[in-house]
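Reviewing the structure listed below.
What follows draws every value from the coordinates through simple rules; no lab data is involved. Since we're looking at a predicted model, the values are computed, not measured. Using ideal geometry, Cβ is built from the backbone for each residue, glycine included, and neighbour counts are taken over all protein chains shown.
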Amino acid sequence: MINGIPLGLEATRLLALWRDGGRTPILHATAGETRAEDIARLLREVAPETRAVAFPPWDVLPYDWAAPSPQAMGRRMAVLRQLADPGAAPGIVVATPAALLRRVPPVGAERQFTAQVGEPLDPEALRAFCAGAGYRLDERVDEPGEVAIRGEVVDLFDPDEGWPYRIEVGDTVTAIRRYDPATQRSVEDIDRLVIDAASEVPGRAEDEEERGIDRRLLDAYPTLVPFFDHLPGARLTLGPGAARARDGALAVIAEAFAERRRHDGPSGRVPGPERLYLSAEDWDRFASERGTVEMDAAGAGSVPAFAEANRPRGALAGFLRAQGEAGRRIVLMGHAGRDKARLARRLREATGESPATVPDWDAVLAAEPGRVVALAAGLDRGFVDEARRLAVISPREVLGSRAGVARAEGSATAWAVVATELHEGDLVVHLEHGVAKLDGLESVEVEGLDGEAIALGYAEGQRLLVPSSEAGRVWRYGSDEGEVALDRLNTAGWDRRRAKVMRGLAETARGLIRAAGERQARTAPKLVPEPAPYEAVAARFPYEETPDQARAIRDALADMASGTPMDRLVIGDVGFGKTEVAIRAAAACAFAGRQVMLLAPTTVLARQHHRNLQRRFEGSGVEVAHLSRLVGASQAKRVKAGLRDGGVRIVVGTQALLSDTVEFADLGLAIIDEEQRLGLEHKNRVRALAGDGHLLTMTATPIPRTLQSALVGLQDLSVIATPPARRRPIRTTMSNRDAATLRQALLREKRRGGQSFVVVPRVEDVGPMAEELQRLLPRFDLRVAHGQLPAKEIDEVMVAFAEGEGDVLLATSIIESGLDVPRANTMVVLRPDLFGLAQLHQLRGRVGRGGAQAYCLLMTEEGQELSPATVKRLGTLQALDRLGAGMAISAQDLDLRGGGELFGERQTGHVRLIGLALYQELLADAIRAARGEPAIRREVEFRAEAMGTLPPDYIPEPEVRVNLYHRLARTLAASDVERMEEEVADRFGPPPPEVVALLRAARIRALARALGVTRISAGPEAVALDFEPGSGAEEHHAETVEASGGRLQWLKGRLVLRQASADADARMALVLDLLEEIA
């Protein structure tokens, strides 16, 4: 709500203005970008004929050193293209003043390329369009503004679309499919795709960084024009706060220009603001010409939160009755999805009848006053419009925290991909020969047929060529060589190492089975909260839950109500909403009558959690206490007494909570935040305190042992991979240390009203850096925090900064855990080579917690020589700057460091000896062996001439082929091969004969494994199958052999099919037929 006007009310009043004005186009300025998006979305849902769109601003500041993202510029160009289409132009455009002040390409500059199923498409024309429209060529298209053109298949991610698309081309376009960027699999077919430009500037995307986006824009067009030129005759309307936002944006433009002129000097070619932006006079002239309408909150009313009332049904019934008596129409929004049945049931309970479903806003306005109608469009908060005699209710008011999320679920992050894919130069481990370096693919000739082999490099220059059909014997070891020594071929070292690991794994497997059994045997209190107070706490969450977040909350509450002790690990990137999962679990426990303990690794984080929980539980009757070294002796004594007698229901603290002097009356839930900062001893102490209670552990970058224990099932796992709505990835760049760049980065953040961090690796670096910052920015309010300051001073500085005091916080890595600073959007890390990968990601997560574009600048020393491992580590951080990267970084960290002993102290463990991937496989085998179950993966010896290959002209990228060979060799069942067949055809087009043969060979192996076949022999006159000894194959297949009429017979334990085959293809078909016959 802005200045008292609900978003839904602003949208519906805008709709009324558009209709009352004869549907003359409206350009509506509103105060925030998120609000603009939500207003446009709601208008499209309730009145599709408006074709409402949001016109976004650039996601960089005026005169910035960084170029705007393809997503920002591509979406802007899509709006310009839509406005140029008379038959489909939007009737309402919603934008922020900052978006409207920026001049745009002139009318006629919009570009598009259309693909239509059944119509011809020239790949070279598409390639030329993409090159001139700002698209970047990439092997794997999973980010906006990327394109891959592979013969008959084109993958393209239009920035205006939420998903990438795959276009198949023959003589005509044969298919256009939307696909998941994480899995690369198609999910929906469409008939027509309009492809918009990914940049406002014609030319290569790379040029934007080289020459500067502002200069390129001015060089590309005779003149840049006001956005108003693209919407002639449109009226201008202003939402609450828009005028103030315009003045603020104009001030930022003026300050940015002055600073850029000062930095570049008088000889610098800095374009004047008049060439790039509208002035206040320009804006006022357009506003005067178009008859501006300003909205206010007159006649606006609110809707009570019925779910929080002691008698929700009665509260809802009373409200509906009052609205009917006032002669208002009543509309229930969000009547769709999983909420539809719940809302209908609640309404029947309150009124005795279900709501009548209506299709659009016209039907709402035509409804009988006092009668409840339902609309599918989603809305977060309801409102009352007294002027138009309307009462609008959202699912949140009726269902509380059980209301479904309004936005669609996005693609889950494929966070483990980094640690499973093979790349040239990676360390790998061969099951029989040990650790080697992956040198790539080499062409080989087998039985007169072309094929490929995986080339492995061993110690002393030794090499091994592994047939692609045996790629399953090669496992990824890691991406960082570090101190790992390559094995030598034909020596006993690898065999000894593998035997040692196998003995340890057998012991680990027995421990896992024992621990799982003990956990299942234990009972825990069934914690089910009182609904009304729980809903009151949930309703104070000011954001919409993401799908993953909502799922994690549901799972945690279900665990706590199950009667079995919860032991759940919640992994979510920094700022993805793990804390809200903890708050909901704490509320469920407290309102079920048990105590809650939340353990944080630092005093600052504990204090922030305490303040947050106090705000959320205010007025609930639940006392929330704090216990750490910052709490005075008398206060600590009172808190401990409250924990002992049960008066304190929730306590937040540091390791002080683990003292022997702390006793709980009825602890029901223990929560560990930032578990990677706590030692094993502390975590075991928490488990002991929880006893038969519940345990919830949260982290963004779990230590390898924790992640490993979750992956093997020792803990339940919740992954929060979907980012908050419109959360932007943190742009991460690396450069040499430079005073001018540092000054500009900090100034640009202050200009947009934000705060910055400057992080140094050592305490002794703080003093010199503070002097440099005071010299560069004498008017800045500089705050300092490091580990050698008194604890109370550290706490005061960091909490004050989090509450908005100060421009820059100069600190060591003390800030990496949990400090939530909503206005901080820039971080500069000096000497990043002295930080670990996960540590850098945690530091980076301190910025970008809101909707603004955030930046992390890694500054190395001038002329500094970085080791290859350091370059790779920093490169990983730059590459993984997407949302949710923390989980990929955890997988990378597990990949590099090893998983640790699950029941021991050491963090490196056996994984370091053989690599994570092989360790996981051997551990799974050991667990099955300990349970007396057979191994699910059996090697099948099978050689034939027509084994197939992946031709480079079908899949040009060697790394893609390596990974496909590896995945095919690892398939366990024929159904897995079928899915891969579909994926290959989906991603790369119809497979050629060589690929068909390769997939057929994979299907043969998968069927053979399932049947217990260990060897397949195929010749011109017969096919023979060898089975595992003691498998009972003769008895099992007796009926099939008898029914074969003598075609099949057993000879010396082998099943033989005597049938001639003319060539290799015929023999492969014969083998497949035989396996399918006996399956």
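Things worth noting here:
- Sequentially through segment 222-227, phi angles give Karplus couplings (6.51, -1.76, 1.60; θ = phi - 60°) of x, 7, 8, 10, x, 4 Hz, Gly and Pro residues having no value and appearing as x.
- Principal-axis analysis of the Cα atoms of the chain puts helix 603-617 at an angle of about 60° to the longest axis.
- Kirkwood-type radius of segment 300-402, with distances r between different C-alpha atoms, in Å: 13.2 Å
- Residue-by-residue Karplus 3J(HN,Hα) for segment 773-783, coefficients 6.51, -1.76, 1.60, Hz, glycine and proline x: 5, 5, 6, 6, 9, x, 8, 7, 8, 9, 10
- Gyration tensor over the Cα atoms of segment 522-720: the corresponding equivalent ellipsoid has semi-axes (square roots of 5 times the eigenvalues, largest first) of 23, 20, 17 Å.
- Segment 958-1078, relative contact order [Cα under 8 Å, separation at least 6], %: 23 percent
- Folded to 0 to 90 degrees: helix 70-83 orientation relative to the chain principal axis, Cα: 60 degrees
- Taking segment 112-196 and dividing mean pair separation by its residue count, relative contact order in percent (alpha carbons under 8 Å, at least six apart): 30 percent
- Centre-to-centre separation between the Cα atoms of segment 657-671 and those of segment 483-510: 43 Å.
- The alpha carbons of the chain stretch over 95, 77, 74 Å along the principal axes, in descending order.
- The chymotrypsin sites (Phe, Trp or Tyr not before Pro) found in segment 981-1079 include none that occupy coil by DSSP while having at most 13 further C-beta atoms within 10 Å.
- Across the chain, Cα pairs under 8 Å and at least six residues apart give a relative contact order of 9 percent.
- Calculated diffusion of segment 731-882, Stokes-Einstein form, Kirkwood radius summed over Cα pairs, 4 °C and 1.567 mPa s, µm²/s: 84 µm²/s
- Farthest positive-ward along the chain dipole, Cα basis, beta-carbon charges - from Val596, Ser288, Thr223: Val596
- Between segment 17-94 and segment 374-397, the C-alpha centres lie 23 angstrom from each other.
- Under 22 Å, Cα to Cα: Lys pairs in the chain, sequence gap 8 or more or different chains: 5
- Of the residues Val173, Thr183, Trp163, the one whose Cα sits farthest toward the positive end of the charge dipole of segment 112-196, with +1 on the Cβ of Lys and Arg and -1 on the Cβ of Asp and Glu, is Thr183.
- Counting DSSP beta bridges with both ends in the chain, the antiparallel % (nearest 5): 45 percent
- Rounded to the nearest 20 debye, the dipole magnitude of the chain is 3940 debye, with +1 charges on Lys and Arg beta carbons, -1 on Asp and Glu beta carbons, and the Cα centre as origin.
- The distance from the alpha carbon centre of segment 292-346 to that of segment 583-632 is 33 Å, rounded to a whole number.
- Base-10 log of normalised Debye intensity for segment 787-856 (one unit scatterer per alpha-carbon) at q = 0.15, 0.22, 0.24, 0.26 Å⁻¹: -0.48, -1.03, -1.19, -1.34
- Rounded to 10°, Cα long-axis angle of helix 547-560 versus longest principal axis of the chain: 70 degrees
- Across segment 1-135, the convex hull enclosing all Cα atoms gives 139 Å³ per residue.
- Cβ-based net charge around Ala453, under 13 Å, with every Lys or Arg adding one and every Asp or Glu removing one: -3
- For segment 112-196, radius of gyration divided by Kirkwood radius, i.e. Rg to Rh on alpha-carbons: 0.91
- Helix-only CD estimate at 222 nm, as mean residue ellipticity for the chain, using -39500 (n - 2.57) per DSSP H run (n ≥ 4): -12000 deg cm²/dmol
- Tail weight of P(r) past 26 Å, computed on alpha-carbon pairs of segment 958-1078, percent: 27 percent
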